[in-house]
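Asks: Before anything else, here's the structure in question.
Every number in this text was worked out from the coordinates using simple rules, so none of it is lab data. Bear in mind the structure is a predicted one, so any value in this text is a computation, not a measurement. A quick note on method: Cβ atoms are made from the backbone with ideal geometry, for glycine too, and the neighbour counts reach across all protein chains shown.
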Amino acid sequence: MEFNVGEPVFSKDRSGLFTVTEYDVASDSYIVQASDRLTPPFLAPRGSLEKINSEATDRIRVQTLADAEQRAKEDSEPKPASRYTPEQILVAKARERVIKPLHEADEVTKEDKLHAMTTLDVKLTILNELLAKYRQWPSWESLIPGKPGRRKGDTRFDKDIEDIIATAIVEDHTGPGGTVKAVINGVRARCLQRNQKAPADATIRRRYAQISARQALASNKGVKAARDKFDTFDSGVLTTHALQIVHADNSPLDCHAVDPETGEWLGRPNLTIIVDDHTRSFLGFSLSYRYPSRNTLADAMLMAVTPKADLLVEFGLSGSYFWIQYGAGELYRVDGGGDLNAKTVLAALAKHGIEPDNRMRPQSGGEVERGFGKINPLFMQRLKGAIASNRKIARGEDPQSTATYSVTDLFILIITQICIWHETPGDGFTPNQLWIKSFGIQDGVIKAPRTVKDPLQFRIDAMHERYVRVRREGILTLGLLYKVGPYRNKVGARVRVKLDHNNLRRAWVEFEDKWHVIELKNNEGIDKSHPLYVPKTMWEWNIKRKSGLPRGEVTDAGLHMINDQRDLMKSLVTDSERRRLEESAALQERVASTLLPTGLDNATKGAGDKKPEDSAQRQRGPAPPMMGDDDL
C-alpha cells in the first residue's frame, strides 16, 4: 500500500494517530511520527500501516461536535448553588489540604499525624474520624463540619472576668519592674471595684504564663521593640512560575471623569486590579463609580480568569494591542479589606481551588501597590483632569474643570497602558516574556494557564447575596421587583438572591442547589421618562433611590396640607356637636308626639283658634266639695 508524505495513518502495532514523514529505501519502511510529537519518529514496515478511512474520521468529527454541543447545553443550564455556608466551605477546604496527603500516602507515620493534629488543632480521635470519612468519600464535602459544642477545658469565667485579666496583663505588667504579683493585685483591685469575685492567684498565674515572649517584651518596652526583635524582613516568597501568587486591591483612580453626553463632572472612579506576582503582569481589573465591594472584585476576577481577545475587539484595540495574560492563581493574597475578605469571596475561591491568603505585613503586597503605581502616577496623572493622591491641591487649582474623559475612555486607556507595560522589560525580561516562559511546551508537556471551569459560576459565587421572602407579586429586594422564577405558588418562601450590579435587568435566585436567572418587572409597560423607571446599573439606582427627601419626610406642600387638615378636623368636630343636638331634639319631639293622645291634641289646637262665647268665669280658690243625690 502506498502512502503520501504527511498522510495520517494507523499502526497495527501501536495505538494512536501517526503521520508519514519519509520513506526509507534501505529498510523498505516508512518513517512515521506520532501526532502528539512526544515520541521520536520510528520505522514502520509497509504492511504495518493502514490508511485512515474518511468515513471513520467523519464519525469522530460528528461525535466530537456532539460532545461540544452537549457541553455548551450544560453550560447554559442553571448554575449549581452550594448547599453549604461559606464558613463550612472554608473549614472543609482547609481540612482537605491536611487530610488529602494522609489519604494518598502509602504509610501514615506518627509524625505525620502529629503534624496534622497540630495544623487542624484536633485530637487523635477526631483526626482518625476525618481520615476515615475522606477514605470513604475522597471529597472536601465529606469534611464539612457540624455545629460544634463546647470543648472540654474551655473557661467557665464570664467574659467580664476574662477582660479584666487581659487588661491587667497589658496595663500592670509594664516597665522593667513588671511582675506577676502586680498583675494579680491589678485583677483583684478591678474585681473589687466591680463587686465581682476575683479568680484564684494560680488561675491568674496560668493566664499570665500564656503570654509569649513577644507580648511580654511589648508590654515592657513597647510594640516597636517587639517588632524589631521578632519580625523578619526578608525578600518575601520567591515564586517560580506565573499564577503562583496573585494580588488584589482597590484604589481611587487619579483622574476625574465626565458624562460623555453632557460633559458634566462625575467624580473619580474606583479601580480594582488583579496582578500576578511572578511576571509583574496584570490579569484583570474593574473600573466603576461604585464603592469597592465584593461585586467590583467579582468583575475584576471575571476578567482575570478569561482570555482578553474578545475584550480588545469590543473596544477596537485588537489591531495594535495584545493582552495574553489570564488564569486563576494558586494563592490569592490581599490585605485586610472587608470586601476582599468577604465570606462569599473566600468560599468561592476555596470552591474553585484557589487558596486565600492575607498579607502578614505591608511588604507582602508590594507587587499590587507597584501595579497601581504603573497606572496612577505614571500614566493617569498625565491626563487632563488628573489629581495626585500624594500631595495637596494648590490654591486655585481645579482639576475637575479640566476633566475631559468619560469612564469608558479611561477604561480603554488603562487597557492600552497595561499592554504597553507588558512590553516594558525589567530584570532583563518583559512581563510577556516571563509569561511565555511559564507556559507552552515544557519537558514534552504542554502547560496552559490554570483557570476555572465556569467563569460565570465563579463570578456568581463571589457576589453579594441577600435573603428575602417571596411575595405574591414577585421577589422584592432594594425596591427591585423580580419575577418569581422557579418559586411560583410559593408565597412566603425564604430565598437566596444575588443581583448583577452591572445589569439590574437580571438576578439569580437559588432553587434546588442551582442558580436560576430571574427578570426585572419594574420596567414593564413604562419608558425611560417614567419616574419609576429602573436604570441599568446599581450605582444609578442607588442615586435615584436616595435622591429627594428621606423616607417618611413630608414636603412643604404636604406640611401646608397638614395644617389645613388640622383646621378641617376642628370644623368637623363643631359640625358633629351641632348634629348631635339636632338629632337629640328630633328624637324627643318624636317621642312626645307619640305619647300624647291624638284627639286631645287636636281639640287643644282647635280651642286655641277662637275664644268660646259663653264661657263661665273661672272660679278662684279651692274647688267646692262634691254634692250628693239628696237634691234630686
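Asks: Using the 2.2 N^0.38 Å rule of thumb for compact globular proteins, work out how the chain stacks up: its C-alpha Rg over that value, please.
Replies: It is 1.69.
Asks: Give me the aspartates and glutamates in straight-line cross-link reach of Lys197: C-alpha distance below 13 Å, same-chain residues under 8 apart excluded.
Replies: Within the straight-line limit of under 13 Å, Lys197 reaches these aspartates and glutamates: Asp158, Asp160, Glu162.
Asks: For region 429-577, restrict the atom set to alpha-carbon positions and state the Rg and Dmax in Å.
Replies: 26.3, 103
Asks: Measure nothing but the geometry: give the 0 to 90° angle between the long axis through the Cα atoms of 556-595 and the longest principal axis through the Cα atoms of the chain, rounded to 10°.
Replies: 40 degrees
Asks: Continuing with this model, one more query. Taking square-rooted eigenvalues a ≥ b ≥ c of the alpha carbon gyration tensor, is region 86-143 rounded, prolate or oblate, where a/c under 1.5 means rounded and, failing that, a/b exceeding b/c means prolate?
Replies: Verdict is oblate for region 86-143.
Asks: Can you tell me the 0 to 90 degree angle between the C-alpha axis of helix 124-136 and the longest principal axis of the chain, rounded to 10?
Replies: Its long axis makes an angle of about 80 degrees.
Asks: Moving to a separate point now. Against the longest principal axis of the chain, how steep is helix 366-375, in degrees 0 to 90 to the nearest 10, with axes from Cα atoms?
Replies: 80 degrees
Asks: For n ≥ 4 DSSP H runs only, could you compute -39500 (n - 2.57) per run for the chain, divide by its residues and tell me the 222 nm figure to the nearest 500?
Replies: That calculation yields -12500 deg cm²/dmol at 222 nm.
Asks: Cα-Cα over 28 Å: which of Lys93/Lys224; Lys93/Lys483; Lys123/Lys159; Lys181/Lys229; Lys544/Lys570; Lys308/Lys374?
Replies: Distance filter (> 28 Å) returns Lys93/Lys224; Lys93/Lys483; Lys544/Lys570.
Asks: Which of the GluC sites (Glu not before Pro) found in region 70-111 are loop residues per DSSP with 14 or fewer other Cβ atoms within 10 Å of their Cβ?
Replies: Glu107
Asks: Could I ask something else about it? Return the Rg/Rh value of region 8-76, two decimal places, where both radii are evaluated on C-alpha atoms and Rh is the Kirkwood radius.
Replies: 1.17
Asks: When the convex hull of the C-alpha atoms of region 465-546 is computed, what volume per residue in Å³ does it have?
Replies: 92 Å³
Asks: Any chance you could check the Cα centroid distance between region 1-48 and region 493-528 for me, in angstrom?
Replies: Measuring centre to centre over Cα atoms gives 58 Å.
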